[in-house]
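Colleague: Sharing a structure below in structure tokens format, with a few things to ask.
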Amino acid sequence: MAGRRPAPAALLLLLLAASFAPISSAVRPVSDAHRSAAAELFAPSADGSFGDLESTYEAVRTFQILGLENYKSLSGKACKFAAENLASPGSTAKDLFHAVRISGALGCGVDAGVYDGVVATLKAVIKDTNSLLEFYYSVGGLLSIKEQGHNVVLSDAESTFHAIKALSQSDGRWRYDTNSAESSTFAAGIALEALAGIVSLADAEIDSSMMAVVKNDIMKLFDTIKSYDDGTFYFDEKHVDATEYKGPIMTSASVVRGVTSFAAVVSGKLNIPGEKILGLAKFFLGIGLPGSAKDCFNQIESLSFLENNRVFVPLILSLPSKVFSLTSKDQLKVEVTTVFGSASPSLKVNLVQVLGSDSKVITNENKELQYDLDNNVHYLDIAPLKIDVGKYSIVFEISLQEPEHETVYVTGGRNTESVIVTGLIKVNKAEIGISDNDAGTVESVQKLDLLKDTKVSLSANHLQKLRLSFQLTTPLGHTFKPHQVFLKLKHESKVEHLFVVPGSARQFKIVLDFLGLVEKFYYLSGRYDLELAVGDAAMENSFLRSLGHLDLDLPEAPEKAPRPPAQAVDPFSKFGPKAEIAHIFRAPEKRPPKELSLAFTGLTLLPFIGFLIGLMRLGVNLKNFPSLPGPAAFASLFHAGVGAVLLLYVLFWLKLDLFTTLKYLGFLVIFLVFVGHRTLSYLSSVSTKQKTA
């Protein structure tokens, strides 16, 4: 098939790249990738803090579980932050809960008197509250103080246990307080964790019947667990207010913390199916690298509880690589570890079944994998299995060798992993040629070696056809059908056409009838470059090969024929060199002769010359210049003002404009009127006195 719009080269490369894309991420134990992600997600702010107390504890606890050294360098600031809240009388139970846990995780030095005050505050909260969260924070804070070596005993543990148990529901979930209408799975987790804390703090053994009731509640809670088809299990809320909804990660983490904490303090073993514990481990590992600090904390802490618990320790089967090459004779390697990658107890791994991509059974032969003690890996040569290239589902069966381990560890029995087997694909009987449209007789056929750089030169008109055919076979001689097989024709004007090469049971073949394609080719005659792209994830020698060129002669385009689409403009072309700008300035206007300009310049000097002549005719002298200091000063200022007017007159012709000159002249005129009036008044009075004398 062909499209009317040209397929850009980038699309072809993208399709080829897709053939090499890895298969979906598998469940793998916690690795250095998780440590790098945690260090990035919990990066402190510029002042070295992580925010509030809760965020600080989550960062410290995550770093501690993963064995990162980051938290030690920040312990001083975090300890100071925790100490301030421990000593503050206004701290809530939640603040004290997180502050105590920060101090415990970092080993901060806290005075016994400070902890005594915290213990008294938390016990008072337990006595007066009916809120599950207040119970949780208070009991958790007291338990953390006890774990740090302080003597903490909850004398009324039995009544507190009953107060929390009163909030439970028949389906194993809990309410947040006595006024709550809705129950919550997340609340069930923190309730179980609080009950476990009460058992640890109690000065006497809790009623065994109450413990049995809680065990039964846990079984009911696990009846509500949800699952995926791959054996992954998780908890989520049923019907809660949007403000109370926590999401599957937080909800599952809460239940894991609560159940494992309660299992650690109760006698006997909780009756929880092992596959559900394993499914929860797969859920948290299946998250991969979380996208938020909160999810990272819940993932890592939940896995730390599952790593060592009294219910079941999940063992994870994983493949270091899910791509195996027949060319390099890769071995099938399997690892069975705990969620944090610790070695498993003695066990056997058997390959029991191989299924094709269509779920067809390839082999049912049971083969035991050999164990490499040094590398803690089980391995098997895949060559004897007679597996060809392609995608497969391999079914493994894990069996513990020691009977006592069956009550401690859970393997899930059979585990299915998806793999890709790759190899070199043979390309045979590749031919390209031009045939007549009517009779179908081939005018020219040329052999091609598609694994080498061979090019052909063809020519055709609109009454002929282009034929291309070839065969693909696997290393075991079977016909191979890759995901992408495209033939591209690119005109010299950059217009491209992409065609899917169809495949049959024996070969891939395409016939381009140019008579039916003239409109799709926009009646563009000329040279077309030919390219063939063959790609698949299992094909080690996928290729994008230039076949040569085709000189195509098409009829002239009719008047209403479709025109080729506009070619995409390179977005970076605007940053290239620009054409030189040849700017023509406006031609200068015609000016008068030089002599005329000089004559008018001379005329502008006539007022000044007239002023000088006037001074000479008047007989200017200093005989009547005042001798007294006051009048002499005004007379001097008057003459200076006249000189300033003359100077302003010169500056006007040299640099000042008319408006600036008039502004300055206005100030000088006012000044001259004032000092001139005083000077003339003095001279007039002197003249009057002389006449009357």
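The values are calculated or read from the model by the stated rules, or taken from the named source; none is laboratory data. No experiment lies behind these values; they were computed from the predicted model shown. In this analysis, Cβ positions are derived from the backbone assuming ideal geometry, glycine residues included, and neighbour counts consider all displayed protein chains. The accessibility values were calculated without ligands, DNA or RNA, using every heavy atom of the protein model including side chains. Shrake-Rupley method; radii C 1.70, N 1.55, O 1.52, S 1.80 Å.
Colleague: Share of Cα-Cα pairs in the range 364-497 beyond 23 Å, in percent?
Modeller: Numbers: 5401 of 8911 pairs.
In whole percent, the share of Cα-Cα pairs in the range 364-497 beyond 23 Å is 61.
Colleague: Let me ask something else about it. Please quote Rg/Rh for the range 32-314 to two decimal places, taking the Kirkwood radius as Rh and restricting both calculations to Cα atoms. Write down the numbers at each step before the final one.
Modeller: On the way: Rg = 18.4 Å, Rh = 19.3 Å.
Using Cα coordinates only, the ratio equals 0.95.
Colleague: Before anything else, pin down the relative contact order of the range 623-688: Cα pairs under 8 Å, at least 6 apart, normalised by residue count, whole percent.
Modeller: Details: 32 pairs, mean separation 31.5, N = 66.
For the range 623-688, the relative contact order is 48 percent.
Colleague: For the range 408-432 and the range 92-111, what is the separation of their C-alpha centers, rounded to whole Å?
Modeller: 52 Å
Colleague: Mind listing the lone cysteines of the chain, meaning no other Cys beta-carbon sits under 4.7 Å from theirs?
Modeller: Lacking a cysteine Cβ partner under 4.7 Å: 296.
Colleague: From the helices alone, meaning DSSP H stretches of at least four residues, give me the mean residue ellipticity at 222 nm for the chain, per-run term -39500 (n - 2.57), in deg cm²/dmol to the nearest 500.
Modeller: Estimated from H runs of four or more residues: -13000 deg cm²/dmol.
Colleague: Separate question: If you average the alpha carbon positions of the range 158-215 and of the range 613-677, how far apart do those two centres end up, in angstrom?
Modeller: When both Cα centres are located, 105 Å separates them.
Colleague: Residue separation times 0.36 nm, minus the C-alpha to C-alpha distance between residue 473 and residue 652: what's the value? It would help to have the intermediate numbers written out before the result.
Modeller: Numbers: separation 179, 0.36 × 179 = 64.44 nm, distance 9.82 nm.
Length gained, residue 473 through residue 652: 54.6 nm.
Colleague: For the chain, report the % of Cα-Cα distances exceeding 33 Å. Don't skip to the answer; put the middle values down first.
Modeller: On the way: 167716 of 239778 pairs.
Here the long-distance tail beyond 33 Å is 70 percent of all Cα pairs in the chain.
Colleague: Amide H neighbours of residue 389 under 5 Å, at least 5 residues apart or on other chains, H built in the peptide plane: list them.
Modeller: Long-range HN contacts for residue 389: 476.
Colleague: Taking all protein chains in place and a 1.4 Å probe, what share, in percent, of the accessible surface of the chain do carbon and sulfur account for?
Modeller: Values: 20820 of 37250 Å².
Of all accessible area on the chain, carbon and sulfur atoms account for 56 percent.
Colleague: May I pose another question? How large is the convex hull of the C-alpha atoms of the range 257-319 per residue, in Å³?
Modeller: Details: hull volume 4.9 nm³, N = 63.
Measuring per residue, one finds 78 Å³ for the Cα hull of the range 257-319.
Colleague: May I pose another question? With helices defined as uninterrupted DSSP H runs, which ones in the chain have an alpha carbon span along their own long axis of at least 30 Å and mean Kyte-Doolittle hydropathy of at least 0.0? Don't jump to the answer; show the numbers that get you there.
Modeller: On the way: long enough: 629-654 (37 Å, 1.62); 658-692 (49 Å, 0.75).
Result, helices passing both filters: 629-654, 658-692.
Colleague: Given contacts defined as C-alpha pairs under 8 Å and at least six residues apart, what's the relative contact order of the range 426-557, whole-number percent? Could you put the intermediate results ahead of the total?
Modeller: Numbers: 293 pairs, mean separation 36.6, N = 132.
Rounded, it is 28 percent for the range 426-557.
Colleague: Quick check for you: with a 1.4 Å probe and neighbouring chains kept, what is the accessible area per residue of the range 496-575, in Å²? Mind showing how you got there, number by number?
Modeller: Numbers: 4260 Å² over 80 residues.
Spelled out: the 1.4 Å probe surface of the range 496-575, per residue, equals 53 Å².
Colleague: Rounded to the nearest whole Å³, what is the per residue volume of the convex hull around the Cα atoms of the range 316-422? Write down the numbers at each step before the final one.
Modeller: Working: hull volume 10.6 nm³, N = 107.
Roughly 99 Å³ of hull volume per residue.
Colleague: Calculate, for the range 32-314, the solvent-accessible area per residue in square angstrom, rolling a 1.4 angstrom probe over the heavy atoms of the protein chains. Write down the numbers at each step before the final one.
Modeller: Working: 11670 Å² over 283 residues.
Ligands and nucleic acids excluded, the figure is 41 Å² per residue.
Colleague: Also, quick follow-up: Could you quote the convex hull projected area for the range 623-688, Cα atoms only and averaged over all directions, in nm²? The partial results should precede the final answer.
Modeller: Details: hull surface 19.5 nm².
Taking a quarter of the hull surface, the average projection is 4.9 nm².
Colleague: Skipping prolines and chain starts, which residues have an amide H placed within reach, meaning under 5 Å, of the one on residue 313, given they are 5 or more residues away or on another chain?
Modeller: Correct list: 409, 410.
Colleague: Relative contact order of the chain: what whole-number percent is it, with Cα pairs under 8 angstrom and at least 6 residues apart? Spell out each step's value before the answer.
Modeller: Working: 1113 pairs, mean separation 68.7, N = 693.
It comes to 10 percent, rounded to a whole number.
Colleague: Same structure, new question: Determine the sum of side-chain charges near residue 189: Lys and Arg each +1, Asp and Glu each -1, restricted to other residues whose C-beta is under 11 angstrom from that of residue 189.
Modeller: Numbers: positive: 173, 246, 257; negative: 193.
With Lys, Arg at +1 and Asp, Glu at -1, the neighbours total +2.
Colleague: On a 1.4 Å probe surface of the protein chains, which of 419, 511 comes out largest in accessible area, and what is the full order?
Modeller: On the way: 419 5, 511 60 Å².
Accessible-area ranking of 419, 511, largest first: 511, 419.
Colleague: A further question on this structure: In units of 2.2 N^0.38 Å, what is the alpha-carbon radius of gyration of the range 151-265? Before the final figure, lay out the partial values.
Modeller: Values: Rg = 14.4 Å, N = 115, 2.2 N^0.38 = 13.4 Å.
Here the answer is 1.08, to two decimals.
Colleague: Report the Cα centroid-to-centroid distance between the range 34-58 and the range 286-342 in angstrom, as an integer.
Modeller: Comparing the Cα centres of the range 34-58 and the range 286-342, I get a distance of 24 Å.
Colleague: In sequence order, what are the phi-derived ³J(HN,Hα) couplings for the range 226-234 according to the Karplus relation 6.51 cos²θ - 1.76 cosθ + 1.60 with θ = phi - 60°, rounded to whole Hz, with x for glycine and proline?
Modeller: Each residue's phi maps through the Karplus curve to give 9, 8, 10, 5, 8, x, 8, 10, 7 Hz.
Colleague: Still on this structure, please answer the following. Treating the Cα atoms of the range 426-557 as identical point scatterers in vacuum, please give the log10 of the normalised Debye intensity I(q)/I(0) at q = 0.19 Å⁻¹, two decimals.
Modeller: Computed log10 I(q)/I(0) values: -1.09.
Colleague: Could you state the accessible area per residue of the range 623-688 in Å², with a 1.4 Å probe and every protein chain left in place?
Modeller: Details: 4680 Å² over 66 residues.
Here the per-residue accessible area is 71 Å².
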